[in-house]
Amino acid sequence: QVQFVESGGGLVQPGGSLRLSCEASGSSVSRYHLGWYRQPPGKQRESVATITPGGSTDYADSVKGRFTLYRDNANNTVYLQMNNLKPEDTADYYCKQRFGGSWGQGTQVTVSS
């Protein structure tokens, strides 16, 4: 059974960058329609970006032009490169199959000066 483990979160100043990793084990990451989701403090979880098995990506309007989702098949990992971070990007970030699967522990991102 495939599992996805998130990492790469941390504390960063506004305008800074972070790269989140979603490493797959048990199967090839390229087989799955995956999404990065986030849950800001006190708010509902929302979709940030998705990638299909064919490599097509889609982004929430709030992150377009700042976040880039890409897949590294050699490392069996999907990355979310986040640039020009804003305080409103503060959230717990999760990687999950777009349809089905289960939520992992996520990785926390805090954008603050």
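The values are calculated or read from the model by the stated rules, or taken from the named source; none is laboratory data. Fair warning: this is a prediction, and the values are worked out from it, not measured in the lab. Note: ideal-geometry Cβ built from the backbone for every residue, glycine included; neighbour counts use all protein chains shown. Just so you know, the surface numbers come from the protein's heavy atoms only, side chains and all, with ligands and any DNA or RNA stripped out. Shrake-Rupley method; radii C 1.70, N 1.55, O 1.52, S 1.80 Å.
Per-structure values
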{"quantity": "Some residue of the range 53-62 being open to solvent by less than 20 Å² (accessible area, probe 1.4 Å) and either free of Cβ contacts under 8 Å to residues at least 40 places away in the same chain or of a type outside the set (Val, Ile, Thr) (or both)", "calculated": "no"}
{"quantity": "From Thr68, Thr110, residue being of a type outside the set (Gly, Ala, Ser), over 13 Å from the mean Cα position of the chain (by Cα) and in a strand (DSSP E or B)", "calculated": "Thr110"}
{"quantity": "Pairs with Cβ under 7 Å, 6+ apart, first in the range 11-38 and free of Cβ contacts under 8 Å to residues at least 12 places away in the same chain and among the small types (Gly, Ala, Ser), second loosely packed, with under 15 Cβ neighbours inside 10 Å and assigned to a strand (DSSP E or B)", "calculated": "none"}
{"quantity": "Matching residues, the range 21-43, being within 14 Å of Asp72 (Cα to Cα), crowded, with 21+ Cβ neighbours inside 10 Å and of a type in the set (Gly, Ala, Ser)", "calculated": "Ala24"}
{"quantity": "Conditions (1) in contact with a Gly (Cβ under 6 Å, 6 or more places away or on another chain); (2) in a strand (DSSP E or B): number failed by Leu85", "calculated": "(2)"}
{"quantity": "Which numbered condition Trp103 misses (of (1) open to solvent by 20 Å² or more (accessible area, probe 1.4 Å); (2) at pLDDT 95 or above)", "calculated": "(2)"}
{"quantity": "Test result for Glu6, open to solvent by less than 50 Å² (accessible area, probe 1.4 Å), more than 14 Å from Val111 (Cα to Cα) and either in contact with a Cys (Cβ under 6 Å, 6 or more places away or on another chain) or free of Cβ contacts under 8 Å to residues at least 40 places away in the same chain (or both)", "calculated": "yes"}
